[in-house]
Amino acid sequence: MLVELGHFSVVIALVLSFAGIITPLIGLKTRNATWVVVGRRAVLSTFVLITIGMFILIYSYLVEDYSVKYIYATSNSKLPIFYKVAGLWGGHEGSLLLWAWILSLYCALATLIHWKSQPVVMPYLILIESIVLTGFLMLILFLSNPFERIFPVPLDGKDLNPLLQDPAMVVHPPLLYLGYVGLSIPFSFAMAALFSGRLGEEWLKATQRWTIFAWLCLTCGILMGGYWAYYELGWGGYWGWDPVENAAFMPWLVATAFLHSTMVQEKRKMFKVWNLFLIILAFSLSLIGTFLVRSGILSSVHSFAADPGRGVFILGFVTFMLVLSFGTLMIRAPKLRSQIKMDSMVSRESAFLFNNLFFLVALATVFVGTLYPLAMEVLEFQKVSVGAPYYNAVFMPVALGLIFLMGVGPYIPWRKSSSENLKKLFVIPMLFSLGMTGLFFVAGVRKPYALAGLAVVFFVLAAIFLDFNKLASFWAKREKSNRFQGFFSAYRNNPRRITGIIIHIGVLVMVVGIIFSSMYQTEKILIMKPGEEVNLQAFQLRMANLYGVKGVNWTGQEALFDVYKEGQIITQMHPQKRFYTVSQTPTTETAIYQTKMGHLFVTIPEVAPDGSWARVRILHNPLVLWVWYGGGIMAIGAFMNIFRRVRKNRMPVTDPAGMVPEVSANIPQPTR
Amino acid sequence: MAQSKFFILIVFFFVMSVAMAQAMDEDLLQEKTKEVSKTLRCAVCQSESIWESNATLAIQMRDIIRERLIEGESPDEIRAYFISRYGDYIVFKPRFRGINILLWGGPFLLLAIGAFFLHRNLRKWTTQSTQTGPEHLNPIDEKQRKRIEAELRSLK
Amino acid sequence: MKRFETWHIFLLAGLLALVVLFYKGLWGDPTALPPVIISKPAPDITAPALLEAKNISLKAHLGKVVVLNFWASWCLECKEEHRFLLAIQKRFENNPDFVMYGVNYQDQEKLAKEYLQIHGNNFEHMVDEKGKISIDYGVYGVPETFVIDRKGIIRHKQIGPVFGDVYSNIVENVIEPLLNEPA
């Protein structure tokens, strides 16, 4: 009964989200704000109703109600309680419900936060968000209903896919969805700007934090997915250029480009159309990503079960959104042509433009690489595969260019810059970079790509350091304090800039991690019997034992390795090969030992049936942790940006007349 | 006598060199096997290379790559062999020919075209704006000047 | 009234192409595999026989029509097609120009022999050591069946089990015409 209640509340949510489309439309047509208030109530109730639906489903997971088909497919009585909850997003239907829930959460929050400050935007925001929500709720209720029952009721569930039985499962998908869906808020504001014709910088200012929050979630989600793949899939890498990874990466690329180019509009009031285009593209890519993942159109490790019917619906919906958003942009764009005035070819504005160009080329690389096999198949050419070797050859140079720009863009002045100016800014970083790269060359780093990467990293690092130094001494002089305090004054006075640079530092750390862990990874695959030894770098691994182990819902074998360095035993490692009995799926459990700056990584992908030998894969991944340390720094920077103190004494908030009904103040009343 | 000694010596050297070569090249061989296997798709898996995969077919393919490397084949020859058996689908690195050139060159072409247009537009925009020097702006009247000064004072 | 600029056209064309691509892609199967080796010379095989202690060589059968069937004891579809394979052999065994071999794929010798005992057998089998034969023939999985003509060219490749319509197609439209071709 309870499940039916949940189902029913989601049905009502669909009706209300449809009301969320209609009411703001009527409100705009009749110029009557009451309709917008109704729309807002609809949107808020939608959130409450979907929340109810979700909690009922989670409750049914906990009480093991296997009469629900979806729960039967993704849970089991032996499953730890932790994963019973996470099982909700362990499959297609439930994860869509999570998507819809997050969308309605964002929408409710945005209407609550901006109701007073952005009254003009509200009807459009409610309208756009409701359109998206209606699409997803229809998909959930008509084509992938998680509340569907089965009869006869199975005694026990089929179990959650063992690969998903991992702590990361609890946070990775929600984070990614928070990122994907979070882009819908700036998207809705952009659409509101287009519809209402108020194309100033207001919408950018209002959505800056939303965008960076979505960006933060997307970044963390992607990085966490990488770490998860790293230890769970056991092949020693964290990024495989899998189509579904790319689907999450593409909106990230565009969102990042957008975060940069909005700064030009805020400072110089240029590129209005361009920014609108970017945010529309970013959100469209997150919808297209959803389509790619859900339709089973591409073969991937992540793909959900294919179903053309579902695919057709999602495609229809995505097409509708594409036409709506890009169409509006095209119709409205001519009115927005801002006079572009540049004072110099070499200025921060132009650096931002090149930044955007590189981001878009990076996007095009990933986009084309992902869809090329599909295009070849549809055009009936030879079927091909595009994988890591392609991206390494094509994406990496573009990425290197982007990182180089990171050392240039933020430091050349707005408007105009003289060659003398440039010399002052960049000679020292150049020399520093050359010197450090030379040092690494002498130390034995000889791979051209690694050297090029390091050169760029050191260049940017020096540029950042010089800039920080300049800022700190400026404020120190001004406030008559020391440089350290000066730096904090700089942060207080321009938090957005400093947090941005912190994010850049995070990127640099990550790049160093990527360079070393991918180019200087050493690896061996071999068959070992207990008692045998193998050397890797400075380590000796001796397989001391190979024996059977058992868990709650799996059985398996475990190998015990004694790890020696310079004759001393430093640790023991226990990689496992598991077999999950309910779902009849094997998995490999990685053993990781953290060395000074990297990882020693051991898996046993295959064990002889009689347990006499095991196929062993050992890797040494130098500096691999820097990838996630860098990600951590990026996240800290983004956090500081979101929670920065709002500077006061800047344009007092003009409070227009009161509470709810003053939306009407901004919707022009019909003249009678 | 001398002949047989010489013969033994030759055999000895031969055996030694083979043994040495095998011992020394083992790491290099693994490295090369890895390099080649990373460019080949595990046909029975989902977007994994045969280096990463643990499927039997992938393991067997790795062994074949290893053997062919020992026989002295180049990575390209080995890839060509797998393509002749499994089609272009088996390589993660589409061959640089025919329509695939577009795939490889496309991003760089886009970068070049983008840079070209950007450069051209930047030129256009900068020349446009040089005409709007200070003398082209509306002169400020006394009232505006006072306001600006007052604002500047308040900043301090 | 004009309002159509170059970038509009590019954008619209791009979107349209994308949607068409996605729509057509929906009806394709991303896991479908292209047949590659058809109408190419069959790679030579020299492999140990499964049931007897001898080597089998494909070269010796040049001038005959050869059917190669890849199978394994753990493969469910192989069990379904097995009696049809027996039927093919029975139908052509009196023709001196016909040979059929089974290739035992990723299997254990003991299990393979048991399988043949249980399900019956009337043709010879070889062991696919280290997957060499199957990789040489571009085999993805079992069952797969190849038909090689008198000149040693692969003329037909069947992915999946040979039964029902597939069986009659292979027998009537592939093997028989090939047997009727002059050597």
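As a summary of the residue check, C:Val19 satisfies the conditions (1) surrounded by 12 or more Cβ atoms within 10 Å (Cβ to Cβ); (2) more than 12 Å from every other protein chain (Cβ to nearest Cβ); (3) farther than 30 Å from C:His156 by Cβ except for the one numbered (2). In the stretch B:33-56, of all residues being touching a Cys at 6+ places or on another chain (Cβ under 7 Å) and either in contact (Cβ under 8 Å) with a residue 40 or more places away in the chain or over 21 Å from A:Asn392 (Cα atoms) (or both), the one that is farthest from the other protein chains (Cβ to nearest Cβ) corresponds to B:Ala55.
Which members of the stretch A:142-170 meet the condition of being buried (at least 17 other Cβ atoms within 10 Å of the Cβ), in a loop (DSSP other than H, G, I, E, B) and among the hydrophobic types (A, V, I, L, M, F, W, C)? Of everything in the stretch A:142-170, those that are buried (at least 17 other Cβ atoms within 10 Å of the Cβ), in a loop (DSSP other than H, G, I, E, B) and among the hydrophobic types (A, V, I, L, M, F, W, C) turn out to be A:Phe147, A:Leu160. Highlighted here are the strands (runs of 3 or more DSSP E) found entirely within the stretch A:569-617 that include at least 3 residues which are under 19 Å from A:Tyr230 (Cβ atoms) and not polar (S, T, N, Q): A:591-594, A:599-607.
Within the stretch A:397-412, the set of residues being of a type in the set (A, V, I, L, M, F, W, C) and more than 10 Å from chain B (Cβ to nearest Cβ) comprises A:Ala399, A:Leu400, A:Leu402, A:Ile403, A:Phe404, A:Leu405, A:Met406, A:Val408, A:Ile412.
Taking the listed residues A:Tyr180, A:Tyr227, the one that is away from chain B (no Cβ under 14 Å), touching a Ser or Thr at 6+ places or on another chain (Cβ under 7 Å) and either farther than 30 Å from A:Ala388 by Cα or in a helix (DSSP H, G or I) (or both) is A:Tyr180, with no other qualifying.
Inclusion of A:Val408 among residues that are out of contact with any helix residue (DSSP H, G or I) (no Cβ under 9 Å at 6 or more places or on another chain) and of a type in the set (A, V, I, L, M, F, W, C) is not warranted. Checked against the criterion of being small (Gly, Ala, Ser) and closer than 29 Å to A:Asp166 by Cβ, the candidates A:Gly486, A:Gly513 yield just one match: A:Gly513.
Just one of the numbered conditions (1) closer than 26 Å to C:His82 by Cα; (2) under 15 Å from the mean Cα position of the chain (by Cα); (3) touching a residue at least 12 places away in the same chain (Cβ under 8 Å) is not true of C:Pro34: (3). Taken as a whole, the structure leaves C:Tyr167 outside the set of residues that are crowded, with 18+ Cβ neighbours inside 10 Å, among the hydroxyl-bearing types (Ser, Thr, Tyr) and closer than 23 Å to B:Tyr81 by Cβ. Restricting A:Val394, A:Val384, A:Val346, A:Val366 to residues that are touching a helix residue (DSSP H, G or I) at 6+ places or on another chain (Cβ under 9 Å), more than 30 Å from A:Phe291 (Cβ to Cβ) and within 10 Å of chain B (Cβ to nearest Cβ) narrows the list to A:Val346.
Just checking: which of the helices (runs of 4 or more DSSP H) contained wholly in the stretch A:1-108 hold 2 or more residues that are in contact with a Gly (Cβ under 6 Å, 6 or more places away or on another chain)? Let's see the steps before the verdict.
Working: elements: A:2-30, A:33-62, A:69-74, A:81-86.
Those helices (runs of 4 or more DSSP H) span A:2-30, A:33-62, A:69-74.
Note on the stretch C:34-48: residues that are surrounded by 16 or more Cβ atoms within 10 Å (Cβ to Cβ) and more than 7 Å from every other protein chain (Cβ to nearest Cβ) total 4. Listed conditions (1) among the aliphatic types (A, V, I, L, M); (2) exposed (fewer than 14 other Cβ atoms within 10 Å of the Cβ); (3) under 18 Å from B:Gln60 (Cα atoms) are all met by B:Val91, apart from (2). Just to be sure, is A:Pro173 in contact (Cβ under 8 Å) with a residue 12 or more places away in the chain, over 18 Å from A:Gln265 (Cβ atoms) and outside any helix (DSSP H, G or I)? No, not satisfied. For the stretch B:107-125, the criterion of a residue being surrounded by fewer than 10 Cβ atoms within 10 Å (Cβ to Cβ) and either of a type in the set (Ser, Thr, Tyr) or at pLDDT below 85 (or both) is satisfied by no position.
Taking helices (runs of 4 or more DSSP H) as the structural unit, those lying wholly within the stretch C:79-183 and holding at least 3 residues that are more than 16 Å from C:His61 (Cα to Cα) and within 14 Å of chain B (Cβ to nearest Cβ) correspond to C:132-136.
Within the stretch A:164-194, being within 19 Å of the chain's Cα centre (by Cα) and among the aliphatic types (A, V, I, L, M) holds for A:Leu164, A:Ala168, A:Met169, A:Val170, A:Val171, A:Leu175, A:Leu176, A:Leu178, A:Val181, A:Leu183, A:Ile185. The residue pairs whose first member lies in the stretch B:97-110 and is in the same structural domain as B:Ala80 (by TED's automatic domain parsing), whose second member is surrounded by fewer than 14 Cβ atoms within 10 Å (Cβ to Cβ) and of a type in the set (Gly, Ala, Ser), and whose beta carbons are closer than 7 Å, counting only pairs six or more residues apart or on different chains, do not exist in this structure.
The residue that is farthest from A:Ala399 (Cα to Cα), among those in the stretch A:441-462 that are surrounded by fewer than 16 Cβ atoms within 10 Å (Cβ to Cβ) and modelled with pLDDT of 90 or more, is A:Val442.
Evaluate the following for A:Thr603: is it within 17 Å of A:Gln557 (Cα to Cα) and at pLDDT 85 or above? Spell out the reasoning first.
Values: within 17 Å of A:Gln557 (Cα to Cα): yes; at pLDDT 85 or above: yes.
In short, yes.
Only a single criterion out of (1) crowded, with 20+ Cβ neighbours inside 10 Å; (2) away from chain B (no Cβ under 14 Å) is not satisfied by A:Gly296, namely (2).
The values are calculated or read from the model by the stated rules, or taken from the named source; none is laboratory data. Predicted, not measured: the structure shown is a model, and the values here were computed from it. Glycine also receives a Cβ, built like all others from the backbone with ideal geometry; neighbour counts cover every protein chain displayed.
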